[in-house]
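Engineer: Would you mind keeping the following structure in view while I ask a few things?
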Amino acid sequence: MPRILDGAAIAAAIKKEVVEEVQRLAGLGIRPGLAAVLVGHVPASEIYVRSKVQTCAELGLSSDLIAPPDTVTTQEMLNLVAVLNSREDVDGILIQLPLPKQVDAKALLDAVDPAKDVDGFHPVNAGRLQAGRPALAPCTPAGVIEILKRSGIPIAGQHAVILGRSDIVGKPAAMLLLHENATITICHSKTRDLGAITRQADILVAAIGRPGFVTPEMVRPGATLIDVGINRITTREEFERFFAGDLKREAVFAKRGSTIVGDVHPNAFEIAGAYTPVPGGVGPLTIAMLMANTVRAAKMRRGL
Ligand code: NDP
């Protein structure tokens, strides 16, 4: 039987450590603070940001939710970021993506003070990560490393294949795994004979945003599967393709009219040595690492 890597439990352990650190900093008169910027009314973004702000409150960090209208201009957003950069009570700045079309997202992310860039998206932090210098690393890939390490899965010397090369997940995941001494291969939409490469993976990280893309034939038996994908499925046909006979899922699907599947087909998990389920695998780590990054930023800014 493959081992299920329990992301929720690992996230809870990280949050407990964050609370301890927040309490230690309180003794020094420091309260780490996150400013979350949520533009307009994208339902998924609203859920994510609400959850981030709520977690701040639970762990003892301060938070400030700023919600400009979806008509906001790039210049207005740049002005806002300049204010947040200069605010002493703000250690972390999070700009929830996606932004409306008229806003130049790159210009905005580049304007965030790298010392407050808790998402790790600023080119300075991406460069530091590549150079192996202490950096605020993107939360989801940092969470992937925490899952592997805290589950005792060896990384050094292993062949890690990363499916996806986005700046948010694929590339930083590859860099972090490289720094942990894995041998890495990065695959993308132009990669030829993908299955021949993924079958060589000791650790396969799937981050492409295609429901159930990784099938059993693409997996070496015993490999560790890290499924980053979050794909909502809403049709009965798709449901049957992934979850036929799964009564627990059936109940969720019947109740909500949708369920979540990762980038790995559930059948592929059966031949793995270990895997992260969806939901409850990588997902919970993203917020936990955001909290850890905010505390880290608060300390780094003060030279602690
Ligand atoms: P992007 O869309 O930015 O990147 C997708 C990557 O996958 C690209 O590099 C693309 O290649 C590659 N790709 C797409 N189709 C294929 C294919 N058929 N074969 C090989 N490679 C392919 O996505 P993200 O990195 O932002 O997110 C990936 C997934 O992770 C999504 O499901 C997203 O929802 C999820 N996610 C989950 C998070 C969490 O908290 N668990 C956080 C962030 C994302 P190319 O570059 O050539 O186009």
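Engineer: Can you tell me how many residues in the stretch 104-118 are in a loop (DSSP other than H, G, I, E, B) and surrounded by 17 or more Cβ atoms within 10 Å (Cβ to Cβ)? Working first, answer last.
Structural biologist: Taking the stretch 104-118 first, the residues in a loop (DSSP other than H, G, I, E, B) are 104, 112-113, 117-118.
Now drop any that are not surrounded by 17 or more Cβ atoms within 10 Å (Cβ to Cβ), which leaves 112-113, 117-118.
Here the count works out to 4.
Engineer: Follow-up question, since we're still on this one. For the stretch 9-49, how many residues meet the condition of being surrounded by fewer than 16 Cβ atoms within 10 Å (Cβ to Cβ), touching a strand residue (DSSP E or B) at 6+ places or on another chain (Cβ under 8 Å) and not in a loop (DSSP other than H, G, I, E, B)?
Structural biologist: 0
Engineer: So, one more: Among the numbered criteria (1) free of Cβ contacts under 8 Å to residues at least 40 places away in the same chain; (2) among the small types (Gly, Ala, Ser); (3) within 16 Å of the ligand (Cβ to nearest atom), which one does residue 142 miss?
Structural biologist: All conditions pass for residue 142, except number (1).
Engineer: Which members of the stretch 201-237 meet the condition of being more than 10 Å from the ligand (Cβ to nearest atom) and of a type in the set (Gly, Ala, Ser)?
Structural biologist: Answer for the stretch 201-237, where residues must be more than 10 Å from the ligand (Cβ to nearest atom) and of a type in the set (Gly, Ala, Ser): 201, 212, 222, 223.
Engineer: Return the total of residues in the stretch 51-89 being out of contact with any strand residue (DSSP E or B) (no Cβ under 8 Å at 6 or more places or on another chain), within 20 Å of residue 22 (Cβ to Cβ) and assigned to a loop (DSSP other than H, G, I, E, B).
Structural biologist: Within the stretch 51-89, residues that are out of contact with any strand residue (DSSP E or B) (no Cβ under 8 Å at 6 or more places or on another chain), within 20 Å of residue 22 (Cβ to Cβ) and assigned to a loop (DSSP other than H, G, I, E, B) number 2.
Engineer: Looking at (1) surrounded by 22 or more Cβ atoms within 10 Å (Cβ to Cβ); (2) over 24 Å from residue 284 (Cβ atoms); (3) among the charged types (D, E, K, R), which is the only condition residue 241 fails?
Structural biologist: For residue 241, the failing item is (1).
Engineer: Taking the stretch 119-139 as the region of interest, how many residues are aliphatic (A, V, I, L, M), in contact (Cβ under 8 Å) with a residue 24 or more places away in the chain and not in a loop (DSSP other than H, G, I, E, B)?
Structural biologist: 2
For (1) out of contact with any Pro (no Cβ under 7 Å at 6 or more places or on another chain); (2) away from the ligand (no atom under 14 Å from the Cβ); (3) not in a loop (DSSP other than H, G, I, E, B), each residue gets a yes or a no:
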| site | (1), (2), (3) |
| --- | --- |
| 146 | yes, no, yes |
| 152 | yes, yes, no |
| 155 | yes, yes, no |
| 162 | yes, no, yes |
| 165 | yes, no, no |
| 168 | no, no, no |
| 173 | no, no, yes |
| 178 | yes, yes, yes |
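Engineer: Then there is this: Against the definition (away from the ligand (no atom under 16 Å from the Cβ), in contact with a Pro (Cβ under 9 Å, 6 or more places away or on another chain) and either of a type in the set (A, V, I, L, M) or modelled with pLDDT under 95 (or both)), how does residue 271 come out, yes or no? If you could, list the steps in order and put the result at the bottom.
Structural biologist: On the way: away from the ligand (no atom under 16 Å from the Cβ): yes; in contact with a Pro (Cβ under 9 Å, 6 or more places away or on another chain): yes; either of a type in the set (A, V, I, L, M) or modelled with pLDDT under 95 (or both): yes.
So residue 271 fits the description; yes.
Engineer: Okay, moving on. Scan the stretch 266-303 for residues that are farther than 22 Å from residue 143 by Cβ and either in the same structural domain as residue 236 (by TED's automatic domain parsing) or under 22 Å from the mean Cα position of the chain (by Cα) (or both) and report the count. Don't jump to the end; show me each part of the working.
Structural biologist: Let us first name the residues in the stretch 266-303 that are farther than 22 Å from residue 143 by Cβ, namely 267, 270-271, 301-303.
This time we only want the ones that are either in the same structural domain as residue 236 (by TED's automatic domain parsing) or under 22 Å from the mean Cα position of the chain (by Cα) (or both), so: 267, 270-271.
Qualifying residue count, the stretch 266-303: 3.
The values are calculated or read from the model by the stated rules, or taken from the named source; none is laboratory data. Predicted model only: the values in this text are computed from it and were never measured. For neighbour counting, all protein chains shown are included, and Cβ atoms are generated from backbone atoms with ideal geometry for every residue, glycine included.
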